[in-house]
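S.K.: Here it is, the structure, as structure tokens.
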Amino acid sequence: MKDGIRLRQHVTKRSTGDVLYEDKAFSKKKEVLPNETQHLLFLFTFYLFVSIIIITFEKKLPEPLTINKEGLYPGKFIAERAHNHLLNITSIGPRIVGSYENEVLAIKYLTNIINNVVKGANENHKILINVTKHSGAFPLKFLDGMTNVYRNVQNVIVKIGPHRSTQSSLLINCHFDTFPESPGGSDDGAGCAVMLEILRVIAHSSKLLKHNIIFLFNGAEENLLQASHGFITQHPWAKEVRAFINLEACGAGGRELLFQAGPDSSWMLQIYAKSVPYPYASSLAQEIFESGSLQRTGDNILALIQGVVLDNYLSMVPPQDRTGNPVFFDFLGIFVIRWPQYVASTINIISIVGGIYSIYLNMQTARRDVKRSVYLKHLLLCTGAIIVSWLVSILSCTLIALVLTKLGKVMSWYARPAWLFFLYVVPTIFVSMTFFLFVGSRQKKELKSTWVLYEIYCDSYSIIWMSVLSCCVVFEIRSGFIPLHWVVFPTLGNILRCNFFNKWKGWKWLFYYLVTMCLPYIQSFYLVIGALYLFIPIMGRSGSSINSEVVMANMLCILFSLLLSFTLPFVLLIKNAERILSVLVGIFLITIGILILTPLGFPYSGDLSSLAPERFMIAHTQRQYYDINGNLRHSGTGYWIADLDMNSPYSVEAMVPEIGAVMSTVKDCEKELYCGLPYFMPVTTFLWKTSWIPGPAPLISVPTKLELISKSTRQNIVTFTFNITGPDHISIILSPYKGVHLERWSILEGKPLEGPKWNDRETYFIYYSCASNCVPFRFSLDLNVNSMPKTPCLSIALGGHFLHGEHQTSLRFKRFLAQFPPWSVVTPWTATSPPFWYLESPSTTHERKQLRGNEQPVQQFAALPVEKIFINAWSTGKGGNSLIPAIGRSGRTDSGEEEGTNRTIGFRPIEQEARGASSPLDLDRSTSSSKPRRPRYQLFGEPPALCRCLFQITR
């Protein structure tokens with residue numbers, strides 16, 4: 001007996017862990033797997049329990065402080081006061097740039113609150129208040145690329161600092177303007193409410209500030225950075241800014257996230273880690289963006305600001321931080337781990353070396369059971385098997401998502417994210433484990449020890465993670481802290497097990513495994529939850545051209561395949577693993593049944609406690625397509641729906657019967673520039689799948705006009721000067737023809753920012769907004785026509801957008817919108833459909849200038865009385881001018897005439913002094929007398945009540 005015991009101990013030292021569970025007498029028999037089914041059930045139950053704890057912990061909020069108890073908390077952020085500010089700001093209503101609510105009411109509220117704060121401020125502080133207006137332009141590569149032009153956008157700016165002069169300031173920014181029809185609670189009323197309360201706390205504190213704090217309440221952020229650009233480029237205080245904190249929202253709800261710090265402000269990260277009570281930070285988020293509660297947010301931002309301005313960091317900031325971009329992440333919101341890039345690279349390299357040693361140690365331990373060449377062979381095979389298992393899992397989840405799409409049961413996770421676990425995580429586990437069992441059964445023909453096979457799979461996972469970590473080192477990817485977790489902890493666990501715990505088996509070994517794998521799982525799952533909180537709302541407005549069900553299926557499959565690294569091969573050690581697989585299949589089938597047969601799979605919610613609305617953007621507009629000769633090809637009025645998710649627009653068909661007549665606009669995008677639709681932002685690359693519903697014509701009271709002021713040629717360069725008037729939000733789309741290039745324009749210096757190609761033609765998108773005191777937008781551009789003959793050289797499309805006020809929605813439009821259900825959110829506006837001007841290049845045989853416009857020059861939709869049309873037309877050469885009108889009409893006129901009625905209309909020259917007598921149509925609005933050859937024309941004949949005109953100017 002003693003010899004027998006001695007023999008088993010000797011075998012233990014020279015074999016891997018599975019020999020612990022075997023007796024030599026049974027070595028030739030079929031191997032008995034070391035773990036019971038309940039071991040795997042316990043493992044999954046443990047992971048599920050930990051995941052639920054993390055989700056609960058992540059949602060935990062600090063107790064909000066109230067006004068009646070603020071005496072007990074001097075110098076603290078009071079959430080109730082910030083909440084009152086938020087209620088007052090949102091009660092103003094939607095605050096669109098140019099609206100009375102944004103330009104008057106919001107400004108008045110902010111200045112009143114700020115003035116009250118200043119009255120009670122401590123005498124240790126010097127406070128200055130500016131309300132500024134800015135005009136300018138800048139290129140923006142965001143979305144499809146655009147040139148952003150703005151006029152008179154407003155900022156409310158407060159600077160608080162010491163009485164002594166200091167040239168270093170911390171800038172903190174929010175915006176009070178909103179998207180159309182949005183009250184702007186989270187985006188970004190909450191940010192402004194937090195800033196107002198922080199301003200009060202700091203102003204009333206007796207602590208001496210070492211630096212200035214600039215509070216920027218900017219009034220034009222939803223127009224894509226207009227007001228912030230105005231401040232940075234035009235305000236004198238901008239030169240003092242040494243650091244910047246931006247309070248912005250992405251979606252609704254969730255925690256504030258520090259996602260960017262550096263490269264020249266890694267010191268701020270140190271302050272953040274040291275001061276902030278509820279940290280939530282990750283350099284992963286910074287890399288993604290670069291390629292809560294009011295109490296929690298307020299406490300964090302107040303602590304960060306005080307940490308900056310009460311220290312000397314701002315005045316000591318070097319012109320360039322040699323340490324590079326920092327690596328940083330928080331652990332469950334408890335503390336922040338941070339280090340410079342070079343330290344991160346050093347740690348990563350050491351971890352990779354340790355991982356290689358761990359694999360070598362396993363190979364040495366198994367050398368008497370498995371030859372080294374066989375071990376290496378199966379190490380390669382297992383690595384390939386893991387990668388193939390990922391691909392098979394992705395294909396399986398994609399197939400499930402496509403079946404759900406076919407059944408019309410998509411986006412159930414939008415309102416109830418728990419569906420993601422049952423629909424995609426469970427199948428991922430099932431498919432991966434089944435695949436490992438299938439491949440493992442064939443590998444066991446050469447590898448007699450299941451335990452050795454499991455260790456080889458673990459080593460293969462280590463190789464994959466080390467490869468990823470190596471890439472992070474080589475390319476200095478700061479999110480390398482994620483693979484670092486999956487290299488360090490398995491490596492340490494394996495080294496310790498081989499040296500100290502190699503006799504442990506059963507439950508002891510399982511608990512040891514959980515201890516070594518628990519931390520990387522907790523940290524990674526914490527990051528996964530943050531990613532899901534970000535991406536689930538985004539999938540609700542990513543456009544119907546993207547199958548969000550497939551996107552989320554693949555995302556969950558990939559994330560949990562990685563999260564369960566080193567765990568999925570555990571099925572190889574389990575007796576009766578088929579039982580576990582049967583349970584997973586049963587869970588999935590029950591899930592599908594509940595999803596299809598019950599309303600629990602409905603994707604939207606109007607419940608205020610768990611809002612998940614379906615979003616619609618609907619423009620009341622008119623479409624008119626012309627050919628190059630000005631002939632009307634198509635005309636129609638109705639509602640244009642920008643489908644923001646894959647259920648749109650048919651999800652509301654039961655409540656909105658007009659949806660039954662919906663038509664797709666996909667083919668229009670192939671034939672028409674920007675689909676021939678009134679986009680007010682350049683988003684056609686991902687929002688090209690939209691819908692059209694025939695309906696009544698919109699009411700347009702403010703015309704959108706394009707006037708050709710002048711045209712000149714010099715060699716191959718043709719210069720056009722235009723004048724544009726209309727509502728306070730206008731989109732301008734330019735597209736030179738093939739062979740023609742836009743060299744420069746007067747809007748900005750340098751090469752114009754080009755958008756995506758359309759039918760091999762350049763496109764340029766200009767967005768113009770005016771907050772107050774609007775004037776016509778005039779600009780010129782130079783086209784290189786390369787000595788082309790007289791052919792069209794440029795198409796220009798205009799879109800006038802009524803985003804606020806009485807012109808935003810007509811009575812008919814409001815009746816249509818009232819049908820939408822309470823679980824939907826609609827952003828409506830009235831827009832002029834983009835008509836086209838075709839501009840011709842000069843002839844090679846004789847000079848000729850020609851302007852062809854297929855829209856009514858005053859308005860882009862419903863036709864207007866001819867008496868209101870204005871256009872400039874003149875020549876500086878000999879021979880005089882002739883204006884030859886071509887009339888085309890569609891629809892019913894005010895006089896009741898049906899479409900197709902022909903009327904005769906013409907123009908005749910009149911003398912300059914006869915202007916006041918009978919000039920119903922003014923063709924020259926210029927008052928300049930320096931140009932003698934500007935003949936004036938009078939409309940003669942009986943014009944139709946409504947008409948559309950194609951003007952052709954020839955010399």
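The values are calculated or read from the model by the stated rules, or taken from the named source; none is laboratory data. The model shown is predicted, which means the values in this text are computed figures rather than measured ones. In this analysis, Cβ positions are derived from the backbone assuming ideal geometry, glycine residues included, and neighbour counts consider all displayed protein chains. Each accessible area value is taken on the protein alone, full model and side chains, heavy atoms only, with ligands, DNA and RNA left out. Shrake-Rupley method; radii C 1.70, N 1.55, O 1.52, S 1.80 Å.
S.K.: With the structure loaded, tell me whether Thr45 is surrounded by 13 or more Cβ atoms within 10 Å (Cβ to Cβ) and β-branched (Val, Ile, Thr) or whether it fails that test. So that I can check it myself, show each step before the final result.
M.R.: Numbers: surrounded by 13 or more Cβ atoms within 10 Å (Cβ to Cβ): no; β-branched (Val, Ile, Thr): yes.
In short, no.
S.K.: Surrounded by fewer than 23 Cβ atoms within 10 Å (Cβ to Cβ) and either closer than 27 Å to Ser479 by Cβ or at pLDDT below 90 (or both), is that true of Ala203?
M.R.: Details: surrounded by fewer than 23 Cβ atoms within 10 Å (Cβ to Cβ): yes; either closer than 27 Å to Ser479 by Cβ or at pLDDT below 90 (or both): no.
No, not satisfied.
S.K.: Looking for whichever is over 30 Å from Gly98 (Cβ atoms), among the hydroxyl-bearing types (Ser, Thr, Tyr) and modelled with pLDDT under 85 here; the options are Ser275, Ser186. Which one fits? It would help to see each step written out before you state the result.
M.R.: Values: Ser186 fails: over 30 Å from Gly98 (Cβ atoms).
The conditions single out Ser275.
S.K.: Based on this model, can you work out whether Ser780 counts as under 14 Å from Ile724 (Cα atoms), out of contact with any Asp or Glu (no Cβ under 8 Å at 6 or more places or on another chain) and of a type in the set (Gly, Ala, Ser)?
M.R.: Working: under 14 Å from Ile724 (Cα atoms): yes; out of contact with any Asp or Glu (no Cβ under 8 Å at 6 or more places or on another chain): yes; of a type in the set (Gly, Ala, Ser): yes.
So Ser780 passes the test.
S.K.: Among the residues of segment 67-122, how many are in a loop (DSSP other than H, G, I, E, B) and open to solvent by less than 60 Å² (accessible area, probe 1.4 Å)?
M.R.: Let us first name the residues in segment 67-122 that are in a loop (DSSP other than H, G, I, E, B), namely 73-78, 92-99, 120-122.
Still in the running and open to solvent by less than 60 Å² (accessible area, probe 1.4 Å): 75, 77-78, 92-99, 120-122.
Residues in segment 67-122 being in a loop (DSSP other than H, G, I, E, B) and open to solvent by less than 60 Å² (accessible area, probe 1.4 Å): 14 in total.
S.K.: Out of the residues in segment 463-512 meeting the condition of being in a helix (DSSP H, G or I) and in contact with a Lys or Arg (Cβ under 9 Å, 6 or more places away or on another chain), tell me which one is farthest from Ser345 (Cα to Cα).
M.R.: Restricting attention to segment 463-512, the residues satisfying the condition of being in a helix (DSSP H, G or I) are 463-474, 478-500, 506-512.
Among the residues that remain, those that are also in contact with a Lys or Arg (Cβ under 9 Å, 6 or more places away or on another chain) are: 472, 509, 512.
Numbers: Cys472: 8, Trp509: 33, Tyr512: 29 Å.
Only one residue fits best here, namely Trp509.
S.K.: Restricting segment 206-222 to residues that are open to solvent by 10 Å² or more (accessible area, probe 1.4 Å) and farther than 14 Å from Gln306 by Cα, which is farthest from the chain's Cα centre (by Cα)?
M.R.: Checked segment 206-222; the qualifying residue farthest from the chain's Cα centre (by Cα) is Glu221.
Table: residues versus (1) in contact with a Ser or Thr (Cβ under 9 Å, 6 or more places away or on another chain); (2) in a loop (DSSP other than H, G, I, E, B); (3) over 24 Å from Ile89 (Cβ atoms).
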| site | (1), (2), (3) |
| --- | --- |
| Ile129 | yes, no, no |
| Lys133 | yes, no, no |
| Gly136 | yes, no, yes |
| Gln167 | yes, yes, yes |
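S.K.: If you don't mind, there's one more thing I want to ask. For segment 343-397, how many residues meet the condition of being open to solvent by 40 Å² or more (accessible area, probe 1.4 Å) and outside any helix (DSSP H, G or I)?
M.R.: 4
S.K.: Could you tell me whether any residue of segment 616-629 is assigned to a strand (DSSP E or B), farther than 30 Å from Asp459 by Cβ, open to solvent by less than 10 Å² (accessible area, probe 1.4 Å) and β-branched (Val, Ile, Thr)?
M.R.: Yes, some residue in segment 616-629 is assigned to a strand (DSSP E or B), farther than 30 Å from Asp459 by Cβ, open to solvent by less than 10 Å² (accessible area, probe 1.4 Å) and β-branched (Val, Ile, Thr).
S.K.: Here's another thing I want to ask about it. Checking Ala818 against (1) aliphatic (A, V, I, L, M); (2) over 30 Å from the mean Cα position of the chain (by Cα); (3) surrounded by fewer than 19 Cβ atoms within 10 Å (Cβ to Cβ): exactly one of these is not met. Which one?
M.R.: Checking Ala818 against (1) aliphatic (A, V, I, L, M); (2) over 30 Å from the mean Cα position of the chain (by Cα); (3) surrounded by fewer than 19 Cβ atoms within 10 Å (Cβ to Cβ), the one that fails is (2).
S.K.: Sticking with this structure for a sec: Return the only residue of Phe566, Phe560 being touching a helix residue (DSSP H, G or I) at 6+ places or on another chain (Cβ under 9 Å), hydrophobic (A, V, I, L, M, F, W, C) and not in a helix (DSSP H, G or I). Give the derivation first.
M.R.: Details: Phe560 fails: not in a helix (DSSP H, G or I).
The unique qualifying residue is Phe566.
S.K.: Which residue, of Trp758, Trp745, is over 30 Å from Leu105 (Cα atoms), open to solvent by 30 Å² or more (accessible area, probe 1.4 Å), in contact with a Ser or Thr (Cβ under 8 Å, 6 or more places away or on another chain) and not assigned by the TED database to the domain that holds Pro139? Please lay out each step first, then the result.
M.R.: Details: Trp745 fails: open to solvent by 30 Å² or more (accessible area, probe 1.4 Å).
Unique residue meeting the criteria: Trp758.
S.K.: Based on this model, can you work out whether Phe481 counts as of a type outside the set (S, T, N, Q) and under 26 Å from Ala366 (Cα atoms)? Let's see the steps before the verdict.
M.R.: On the way: of a type outside the set (S, T, N, Q): yes; under 26 Å from Ala366 (Cα atoms): no.
Here the answer is no, as Phe481 does not meet what is asked.
S.K.: Only one of Lys689, Lys751 is touching a Lys or Arg at 6+ places or on another chain (Cβ under 8 Å), open to solvent by 40 Å² or more (accessible area, probe 1.4 Å) and either modelled with pLDDT of 95 or more or not in a strand (DSSP E or B) (or both). Can you tell me which?
M.R.: Working: Lys689 fails: touching a Lys or Arg at 6+ places or on another chain (Cβ under 8 Å).
After applying the criteria, what remains is Lys751.
S.K.: If you don't mind, another one. Somewhere in segment 405-427, is a residue open to solvent by less than 10 Å² (accessible area, probe 1.4 Å) and either touching a Lys or Arg at 6+ places or on another chain (Cβ under 6 Å) or under 25 Å from Val374 (Cβ atoms) (or both)?
M.R.: Scanning segment 405-427, I find no residue that is open to solvent by less than 10 Å² (accessible area, probe 1.4 Å) and either touching a Lys or Arg at 6+ places or on another chain (Cβ under 6 Å) or under 25 Å from Val374 (Cβ atoms) (or both), so the answer is no.
S.K.: If you check Ser432, Ser441, which single one turns out to be exposed (fewer than 15 other Cβ atoms within 10 Å of the Cβ), over 28 Å from the mean Cα position of the chain (by Cα) and in the same structural domain as Gln364 (by the TED database)? Steps first, please.
M.R.: Values: Ser432 fails: exposed (fewer than 15 other Cβ atoms within 10 Å of the Cβ).
Result of the check over Ser432, Ser441: Ser441.
S.K.: Which one of Ile587, Ile522, Ile495 is at pLDDT 90 or above, closer than 30 Å to Ser441 by Cα and under 35 Å from the mean Cα position of the chain (by Cα)?
M.R.: Values: Ile522 fails: closer than 30 Å to Ser441 by Cα; Ile495 fails: under 35 Å from the mean Cα position of the chain (by Cα).
Matching residue, one of Ile587, Ile522, Ile495: Ile587.
S.K.: Which condition number does Met195 fail, the rest of (1) buried (at least 23 other Cβ atoms within 10 Å of the Cβ); (2) outside any helix (DSSP H, G or I); (3) not hydroxyl-bearing (Ser, Thr, Tyr) being met?
M.R.: Just one mismatch for Met195, condition (2).
Each row is one residue, and each column tells you yes or no for (1) closer than 28 Å to Val439 by Cβ; (2) open to solvent by 10 Å² or more (accessible area, probe 1.4 Å).
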{"position": "Ser524", "(1), (2)": "yes, yes"}
{"position": "Leu527", "(1), (2)": "no, yes"}
{"position": "Tyr533", "(1), (2)": "no, yes"}
{"position": "Arg541", "(1), (2)": "no, yes"}
{"position": "Glu549", "(1), (2)": "no, no"}
{"position": "Asn554", "(1), (2)": "yes, yes"}
{"position": "Leu562", "(1), (2)": "yes, yes"}
{"position": "Leu573", "(1), (2)": "yes, no"}
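S.K.: Please work out if Asn554 is modelled with pLDDT of 95 or more, polar (S, T, N, Q) and part of a helix (DSSP H, G or I). Reasoning before the result, please.
M.R.: Working: modelled with pLDDT of 95 or more: yes; polar (S, T, N, Q): yes; part of a helix (DSSP H, G or I): yes.
Judged against the criteria, Asn554 is a match.
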